[in-house]
Amino acid sequence: MCQTAVDEGVKVAAMKGIWPEWLGEEFDYSTWMGHEAEEPLRGVYYSNGLLAVEELPGLAMQRLITVGNSPVPDTTACRFDLGTAMTKVDVDCPHRSACRNKCLSTEEVFTLYMGDRVAGWMRSGCGLEVRVERYIPWNTMALVHCVQITYRGAEGLSPNGPGHPIRLRLESSVSYAEEAAQDILCATAKPLSCQCDRKRYGGDEHSHPSCVALTTDDPGLRYCRPKAEGWQALGIEVQLMPGEEICRHIVFGLGFSQEEADLEAERVLADPDCMSGKTRDFWNDYYASCPKVVPAEGLSYVNGATGRAHKVSAEEILRSQLWNWRALLSSVCRGSWLKCAPIMIADWGQFIGMWANDGCEEALALSFTNQSELARGAIVNWLTHAVNRGGDGRCAWTLYPSCLASFDNAGQLDETTQGVPFAPRMVAGYVRATGDLSLLDEKLGPAGHGRTLWEQLLAYENGLLDVRDCNGDHLLDWINPYETGWDNKDSPFVEARRPTTAINEQVFRIWSLEALAHLARMRGENPARFEWEAEIVREAVSRLLWSEDTCFYHDLDLASGSLWTSAKNLDAFYWLFYERDPKRVESLVSELDDESAFCGSLLPTLSFDSPRFRTDGYWDGRAWPRVHAYVGVGLARAGHAELGLSWALRAILSNTGPICPETLDPTADPVSSTYEGPCTLMGYNALVCLALLDICGLEMWTGGDLDAVARDGLPELYIAEHKCGGASFSALFEPGKGLSVYSGGVKICKVSPGQRAQIRAGT
C-alpha cells in the first residue's frame, strides 16, 4: 500500500514534457480554450450556474444582432451574436450612398466562445468595428456587456473623405409580455422548457427575479426600468471621428424588486474587477481543479463508418475535456430563492430538473472539482426530495427546483416509477473524492422522514427489490417508463410494455451495492449483505442474460421467459465491468471492432445491423457520448484499456466548442461536427472525462481507496488532479516502465507493468 507523503520539500521535475510547462498555475485556460464560430452557436447556454433560473431565452440563449432599421428584431434572420442587450445596429454616415450600403454589411462577423465569456465582432465596410464581450460575473445577479467601438474611417467612399464623423446607435428591444417569451429580458414569463411548467420550476411565489435595471458607465445611455406594455428601446448613441475608440460597460441587474435590481447593477458597475478579472480567475481556478488526461502524442484512430484515419493532437484532447467540464458547472441550478437548490440540471433548454441518471452523474463528476460543495448540496436535495418518498424503495426520475418531483404528476405513469438506482454510487463518489464522511450523517428533515442521509440510502435499498423484482431472481425489472433511463431502446418493454429485465439496470445495481459496501466499511459497519447481494446479481446476469446462440448479452422478456435476441443494445458492453469468462470478453470486444455491428465514428446504442437501427433515433441507434464512459471503463477492466481509451476520447472530442451534445450520428465524419439537436450543453458528458482516470490507471468507479494500475497497451500519458480523500493525485504512465503516482509534487508510488497498488490519502 502506498501512502501520500507529507514532506513537500522535494518537488518532481517536469515529467518529460508530457504536461506542457505553459500549463502552470497562472495559465489562462479560459482564453486558451477559445472556440471561433463563423455563425453563433444556436442554443448555447452560457452561464455561471448562479443565474440559471433567470436565464430564459433572453439571457440563457445567445441573442443575435441585426443590422438595419427594423423596429422589432428579426431573431430568425439574425447572424451576429451579441446577446440580448444588442439586437440592432444602425449606422448613419454621410457616405452611405457612395459605399452602396457596405457600411451595413455583416459578412465580416464572427463569434469567439471562451471559457468565461463570449465575444462577438462586426466589421463594416465604412471602417467601423464593434466588439461586445458578454459574461456573468461569478456570484452576482447581473449580466455584463462590454462594448468596444472603433472607427477607422473609409477612404475614398465619398467626397467628404475619411475625415467625416460617423454616428452609431446600438439598440436593444426588450419585451416583458407573456406571449413574447422569445425575447424576454426580465424573467416574468414561463421558463423555456417543454418539460416543466412554472409551478414545477420555481413554485407559485417566485420562479425567479422579476425586475431588471440597466446601467452603464456612459452617462449618455438611457436608463431603463421595466414596463408592462411591451417593447422598450435601450440604446447607445455615439459620434466618432476616424481613429476614435470608445469602451462602455452595460450592466443588467436582476432582483425581486426594482430597488434590488438597481442596487445590483450599480454594485457590479462600481467594481470593474468583479466584471472581468474576478470572473476569469474563478473559471481558471475551476479548470485547474478539474481532472485531466493528456496523451504525449495525441490520438490516432480510424472511423469505422467511413474508413478514414484521424489524428487528434494532445491540445485538442485537453481543450475538449475543458469544454465538457465547463458544461458540467453550467448544469448547476443554485438560485438562493428557490426551494430546492442547488440541484443539477440535465439541459437548460429542454430538461429543467435533476434526473435520476443524468443529474446524479453530474453531481458525481462535480465532486471531483473545487466545486464539490455544490455537488454536496445537490446530493442532499436529491436524497431529501426524490428518493424513497414513501419509504418503499422508490425513486423519482425528476426533481424540480420547486421541490416537486415526478411523483407529483397525479394520474401519470411516472407516478409509480422507481427511477435509476444511481444514488448510492453518487454518494460514495462524493465521499471518496472529498473525504467528507459527515455527509452520511446529514439530517434530511421532515421531507426526508427525519432520517439521516445514510438511513435514507438504506431504506431505499431495503425496499428496492420489493417494488422492482417481479419474479424473485434478485434482478431489477423494467415495469414503468424511465426506469432504465434508456427510454426507447429495442426491448420487450418498449415494444409491448411487457416487464423486462434490462442488463444496464443490473450493472447500475451492482455499482450501487459496491458503493454501499464501501460506505458501510468506512462507517465501521458490516458490508457483508451488500457484497453478498452483488455476487448474487453477478451470477444471475451471467446465467440468465447470456445467449449462447448470439454470443451476446440481451434483455429478458419476463412474459415469455425468452431473451430479446432480435436486438443487440450497447448496454451489453457495460457488463465488461464484471465479465469473468475470457471467451465472452473476446466475443463482446469483437463486436466493437465490427463495422457491421458497433464500430462507427462513435458507438451506436443499437448495432448497425439491427432492423430498428436509425441514425435519427434516440436509444435505437444514435450515439450518446456519456455512455462511452461505461464502455470505456468496462473495456479497461476487461484487459482492453487501449480500446477503452480510444472510444472514450472520441466521445470527449464530439463537442463543438461549448456545444456538448446529448446524441450524435454514429456514422458522421468527423466525430466532432455541428450539432443541430435540442439538447446542446449536456453537463453529464463530463462523466467521460472522469472515466479517463480509471481507464488510464487510477481506478475510482465504485468507491474505495485509490487503486493505481499499470495497464498494458496504453500510450505515454499524464494524469492530473485526481481526487481521493480530499487530496489531489497526478500520475505519469510510461509503456514498459509502469505508472508513477505523485501527490503535492512528490512521487509516492511506482507501479510496475501489469501490477497494482492501493493508495490512501494522508499518512
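Every number here is computed from the coordinates shown, using simple stated rules; none is lab data. The shown structure was predicted, so the numbers you read here are calculated from the model rather than taken from an experiment. Heads up, the Cβs are rebuilt from the backbone with ideal geometry, glycines too, and the neighbour counts pull from every protein chain shown.
Overview of values
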| read-out | value |
| --- | --- |
| From phi via Karplus (6.51, -1.76, 1.60), per-residue ³J(HN,Hα) for the range 25-35 in Hz, x at Gly/Pro | 5, 9, 5, 8, 4, 4, 6, 4, 7, x, 10 |
| Fewest-first sequence of TRP283, TRP138 by Cβ atoms within 10 Å of each Cβ | TRP138, TRP283 |
| Karplus (6.51, -1.76, 1.60) ³J(HN,Hα), θ = phi - 60°, over the range 269-277, in Hz, Gly and Pro reported as x | 5, 6, 10, x, 5, 4, 6, 10, x |
| Cβ-Cβ FRET estimate between GLN239 and ALA270, R0 fixed at 35 Å, reported to 0.05 | 0.80 |
| Pairwise FRET efficiency - GLU595 versus GLU38, Cβ, R0 = 35 Å, nearest 0.05 | 0.60 |
| Residues with amide H under 5 Å from that of PHE552, placed H, sequence gap 5 or more | SER547 |
| Inter-label distance, nm, simple model (7 Å from Cα along the C-beta direction), ARG612/GLU495 | 0.8 |
| The range 311-704 shape via C-alpha gyration tensor axes, a/c threshold 1.5 | rounded |
| Rounded, prolate or oblate (a/c below 1.5 giving rounded, otherwise prolate when a/b exceeds b/c) for the range 602-665 by Cα gyration tensor | oblate |
| Cross-link pairs beyond the 25 Å C-alpha cut-off, checked among LYS723/LYS747; LYS568/LYS723; LYS278/LYS443; LYS278/LYS339 | LYS568/LYS723; LYS278/LYS443; LYS278/LYS339 |
| Label-point separation in nm, SER300 to ASN139, each point 7 Å along Cα→Cβ | 4.9 |
| Cα Rg, Dmax (largest Cα-Cα span) when computed across the range 396-522, Å | 15.6, 46 |
| Taking ILE659, ILE149 and counting other C-beta atoms within 10 Å, the order from fewest to most | ILE149, ILE659 |
| Sorted by Cβ neighbour density within 10 Å, fewest at the top, the residues CYS724, CYS403 | CYS403, CYS724 |
| Reciprocal mean inverse distance between Cα atoms of the range 242-398 - Kirkwood radius, Å | 19.3 |
| Inter-label distance, nm, simple model (7 Å from Cα along the C-beta direction), THR416/ARG152 | 7.0 |
| Length added when fully stretched, HIS449-ASP712, from 0.36 nm per residue minus Cα-Cα | 89.8 nm |
| Extension reserve of the GLU586-ALA540 stretch, reckoned as 0.36 nm per residue once the Cα distance is removed | 14.5 nm |
